[in-house]
Amino acid sequence: MLPWKPARIGQSVHDLDTPALVLRLDAFERNLERMTRAVSASGMRLRPHAKSHKCPAIAHRQIQSGAVGICCQKVSEAAVFAASGVRDILITNQIVGKEKLARLAETAGKARIGVLVDHPAHVAALIETAKERDVRLDVYVEVDVGGGRCGVAPRDAGALAQRIADSGVLRFAGLHCYHGTAQHVRRSGDRAAAIRDASGQALLARTDVESRGMSVEIVTGAGTGTFVHERDSGIYNELQPGSYIFMDRDYGDNEYGDGDVRFEHALFVLATVTSRPAPGRAVIDAGLKASSMDSGMPGIWRAKGMRYLSASDEHGVLALEPGIAADIGDRLALVPGHCDPTVNLYDHLICVLDDVVQDVWPIEARGALR
């Protein structure tokens with residue numbers, strides 16, 4: 001941790017030291033409102049994914065706006081949010097290893113905790129943990145609905161749900177049916193088709209569970225790119241979008257369909273031009289350690305004739321069209337290609353309104369990878 005804070009309340013955004021992770025509060029609040037309105041009008045449950053922001057201040061604002069709780073991806077993330085007072089957390093992952101399971105049980109003493117399984121070995125380990133630690137866990141069967149990552153085939157969901165229900169110490173809470181690879185399918189019609197298929201797989205899984213005399217209280221999933229389709233499917237009743245509060249460049253590249261909800265770019269990496277070594281080329285102080293490149297290069301906010309060309313550890317190289325000015329000391333706002341890993345590079349979010357710092361929010365779950 002640095003020995004100084006990255007910003008002071010009341011400071012002009014133009015005076016911030018860079019690179020800096022900046023959140024435009026007006027756009028952020030509008031994004032919150034749009035998602036709340038889009039979900040609540042249909043009577044759905046909203047459980048935003050906190051891996052996008054890792055920031056308890058944001059999680060509490062999402063809950064105040066109507067979310068039933070949050071999702072996390074790791075036990076350590078969940079522990080940070082539970083310590084902050086979040087009381088309903090679904091860990092959208094399988095938990096393996098005695099150390100993680102012990103910490104899972106400890107966190108379950110502070111909040112209602114859900115967790116995923118897709119193999120009998122997961123269920124057996126959770127049963128042992130629940131008995132040893134005297135905790136009650138919500139357990140969801142993860143179903144592969146087209147993402148090709150984790151999850152059982154729909155026809156196997158019932159057998160796994162039965163193991164949970166028969167355990168006596170675990171609670172079968174529902175089905176987790178997230179189609180991650182559909183989120184960045186560019187054409188709106190193709191995204192809709194992918195979720196129609198995913199919804200069909202989720203229905204098969206629900207039917208398999210119900211054929212054993214069990215009810216399926218929750219079918220949960222969805223992301224920022226597809227949530228309107230899960231919302232309207234008639235199968236899902238809980239949605240897990242995360243990136244909508246920020247909207248990175250990758251999501252911004254998606255084509256909007258007639259029914260899609262438009263969100264605004266709210267998260268930026270502020271950078272400074274530090275070198276002008278040649279005509280047509282500028283260098284900024286934001287490279288690989290300032291903005292994630294896994295989804296491609298960042299965009300440059302409202303700057304025509306500039307393109308983020310390449311990155312090394314601490315430098316970003318920009319290509320400039322003829323006649324485009326970029327002087328040493330100039331400030332640029334980058335739109336990260338992928339918001340989640342970009343946020344994980346910083347200790348704080350600098351919250352601004354009308355170019356003035358309003359608050360500084362700690363990213364308390366930064367580095368929570370276990």
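Values quoted throughout were computed directly from the atomic coordinates according to the rules given, and no laboratory measurement underlies them. These numbers come from a predicted model, not from an experiment. Cβ sites come from the backbone with ideal geometry, for glycine too, and all protein chains shown count toward neighbours.
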**Study point:** Contact order normalised by residue count of the chain, Cα under 8 Å, 6+ apart, percent
**Key:** 22
Exercise for review: Could you go through the stretch 316-327 in sequence order and give the Karplus-derived ³J(HN,Hα) for each residue, using 6.51 cos²θ - 1.76 cosθ + 1.60 with θ = phi - 60°, rounded to whole Hz, and x for Gly and Pro?
Suggested key: x, 9, 10, 9, 10, 6, x, x, 7, 8, 8, 8
Practice item. Averaging sequence separations of C-alpha pairs under 8 Å and six or more residues apart, then dividing by the length of the stretch 48-239, give the relative contact order as a whole percent. Key: 15
**Study point:** Neighbour-count order for 51, 5, 304, fewest beta carbons within 10 angstrom listed first
**Key:** 304, 5, 51
Exercise for review: Enumerate lysine pairs in the chain that are 8 or more residues apart or on different chains, then count those whose Cα atoms are under 28 Å apart.
Suggested key: 25
Practice item. Assuming R0 = 56 Å, can you tell me the calculated FRET efficiency for the pair residue 210 and residue 278, based on Cβ-Cβ distance, to the nearest 0.05? Key: 0.25
Review point. Which residues' amide hydrogens lie under 5 Å from the amide hydrogen of residue 45, considering only partners 5 or more residues apart or on another chain, with H built in the peptide plane?
Key: 238, 239
Check your understanding: With each run of n ≥ 4 DSSP H residues scored as -39500 (n - 2.57), what mean residue ellipticity at 222 nm is computed for the chain after dividing by its residue count and rounding to the nearest 500 deg cm²/dmol?
Key -> -8500 deg cm²/dmol
Practice item. Report the full-extension gain for the segment residue 102 to residue 84: residue separation times 0.36 nm, less the Cα-Cα distance, to one decimal in nm. Key: 4.5 nm
Exercise for review: Compute the FRET efficiency between residue 369 and residue 328 as 1/(1 + (r/R0)^6), taking r as their Cβ-Cβ distance and R0 = 30 Å, and round to the nearest 0.05.
Suggested key: 0.20
**Study point:** Candidates 296, 259, 200, ranked by Gaussian network fluctuation over the chain, Cα under 10 Å, top entry
**Key:** 259
Point to revise | Amide H contacts under 5 Å for residue 152, placed H, 5+ residues apart | key: 142, 143, 144
Revision key, fill the gap. The distance between the Cα centres of the stretch 74-149 and the stretch 1-70, in whole Å, is 25
Review point. For residue 4 and residue 166, what does the FRET efficiency come to when R0 = 41 Å and r is the distance between their Cβ atoms, rounded to the nearest 0.05?
Key: 0.15
**Study point:** Under-5 Å amide H pairs with residue 344, H placed in peptide plane, nonlocal only
**Key:** none
Exercise for review: Measure off 7 Å from each Cα along the Cα-to-Cβ vector at residue 128 and residue 262, then give the distance between these two points in nanometres to one decimal.
Suggested key: 5.4
Revision key, fill the gap. Full extension between residue 119 and residue 15 adds, at 0.36 nm per residue less the Cα distance, a length in nm of 32.1 nm
Practice item. Give the Kirkwood hydrodynamic radius (Å, one decimal) of the stretch 48-239, defined as one over the mean of 1/r across all pairs of different Cα atoms. Key: 16.8
Check your understanding: In the neighborhood of residue 328, defined by Cβ-to-Cβ distances under 12 Å, what is the net charge if each Lys or Arg adds +1 and each Asp or Glu adds -1?
Key -> -1
Revision key, fill the gap. With residue 272 itself left out, Lys, Arg at +1 and Asp, Glu at -1 over residues whose Cβ is under 13 Å from its Cβ give -4
Practice item. Note down the nm distance, to one decimal, between modelled labels 7 Å out along Cα→Cβ at residue 159 and at residue 355. Key: 6.4
